[in-house]
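*Asks:* The structure's right below; bear with me while I get my questions together.
Please treat every number below as a calculation from the coordinates, not as lab data. On a predicted model such as this, the values are computed, not experimentally measured, just so you know. Please note: Cβ atoms are built from the backbone with ideal geometry, for glycine as well, and neighbour counts cover all protein chains shown.
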Amino acid sequence: MSIGLFHTRLSISNALPGAPVLTLDLLVDTAHKRVSGIASVFQATWPTVNYRAQVWGSFSETRLTANVENHIILTLDGGPSRPPSQIAQTFHLRGILGSDWASGFVDYRYEEQGQWHEVKHVAVHQAPSEQPRPGPHPQPLYAVAVQQAQTSGDLAQLKTVVQQAEQQLAHEGALRSALEHLKAEIARLEAR
């Protein structure tokens, strides 16, 4: 196990079609044996689930027998806010992981809309890391947004819209003339 802080992203599911998938994005502090991060449960089938909580907890290392490698005992609790908030906890997880934090089994439960859901003996796998997306919520750029940016006279906003339009034009050609108008407006404003 590495010393210090490291990030791990775990996917927890039983691989059955329609079963809930728990994703843990965790920051592990090996010096203090503490863990914190975000838990997300998603289920696309009815009843759909889109649950999210901040989580915190601890871990310990143990050797089950003398001939095997160490295992991690992970304990997490969570809810909509972090301690010392008085808001009730809505997430609990207990599990055993391999020493590489990439495999194992856990039991977890979460409360959604006043009802507790319990999932037992679910496999843990390393999850692919997500690539950060530009901006808070990327949305298709329409001519109205281009026209609003053009009339704003805000150079930073104009450059941002040009960048978004260039990215979108790689897949769609509908904004070509609006983009040329924006570039002309930027040139006019920079010439002042």
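*Asks:* Once the piece of chain linking ASN70 and SER58 is laid out straight, how much longer is it, given 0.36 nm per residue of separation minus the C-alpha distance between them? All intermediate terms of the calculation are to be shown ahead of the outcome.
*Replies:* Values: separation 12, 0.36 × 12 = 4.32 nm, distance 1.60 nm.
Between ASN70 and SER58, full extension yields 2.7 nm more.
*Asks:* If you don't mind, another one. Please order GLU112, GLU190 by the number of other Cβ within 10 Å, starting at the fewest. Walk me through the numbers on the way to the answer.
*Replies:* Numbers: GLU112 15, GLU190 9.
Least to most surrounded, the residues fall as GLU190, GLU112.
*Asks:* To continue, here is another question. Enumerate the lysines that LYS33 could reach by cross-link, defined here as Cα to Cα under 30 Å, with residues fewer than 8 away along the same chain left out.
*Replies:* Correct list for LYS33: LYS120.
*Asks:* Which Rg and Dmax, in Å, describe the Cα atoms of the chain?
*Replies:* Cα only, the chain: 23.6, 76 Å (Rg, Dmax).
*Asks:* Length gain on complete extension for the stretch GLU166 to GLU180, per 0.36 nm per residue less the alpha carbon to alpha carbon distance?
*Replies:* Numbers: separation 14, 0.36 × 14 = 5.04 nm, distance 1.05 nm.
Gain in length upon complete extension: 4.0 nm.
*Asks:* What ranking of ILE186, ILE87 emerges when the number of other C-beta atoms within 10 Å of each C-beta is taken as an exposure proxy, fewest first?
*Replies:* Starting with the residue having the fewest Cβ neighbours, the order is ILE87, ILE186.
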